[in-house]
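Just so you know, all these numbers are worked out from the coordinates, no wet-lab data involved. As the structure is a prediction and not an experimental result, all values here were calculated from the model.
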Amino acid sequence: MNIYINGQAYSLDHETKVTINSALNIFFTEPQQSTYAVALNGDFISKNDYDTTDLKSGDCVDVLLPIQGG
């Protein structure tokens with residue numbers, strides 16, 4: 001199974017059930033202390049749904065981090 005996280009392809013065991021939360025564990029190598037938003041195929045996903053939203057091959061996950069500036 002192939003998924004894309006912020007445009008980068010990840011090849012995963014096709015028998016493994018992959019959720020938004022498990023995809024985030026692949027993407028973030030260290031625990032995050034800032035907030036972030038997640039979109040699946042362009043639709044934002046509530047944090048409450050990260051554990052219950054299953055991914056399928058070809059899905060695109062976008063992780064959006066806040067940007068500070070002035």
Discussion item. Treating only the Cα positions of the chain as identical point scatterers, give the base-10 log of I(q)/I(0) from the Debye formula at each q in 0.16, 0.20, 0.25 Å⁻¹.
Written reply: -0.53, -0.81, -1.24
Worksheet item: Hey, what do the phi angles of region 40-57 turn into as Karplus ³J(HN,Hα) couplings, whole Hz, using 6.51/-1.76/1.60 and θ = phi - 60°, x for Gly and Pro?
Response: 10, 6, x, 10, 5, 10, 5, 4, 5, 9, 4, 7, 10, 8, 7, 9, 10, 4
Practice prompt. Using amide H atoms built 1.01 Å from N in the peptide plane, name the residues 5+ places from ILE5, or on other chains, whose amide H lies under 5 Å from its own.
Written response: TYR10, VAL61
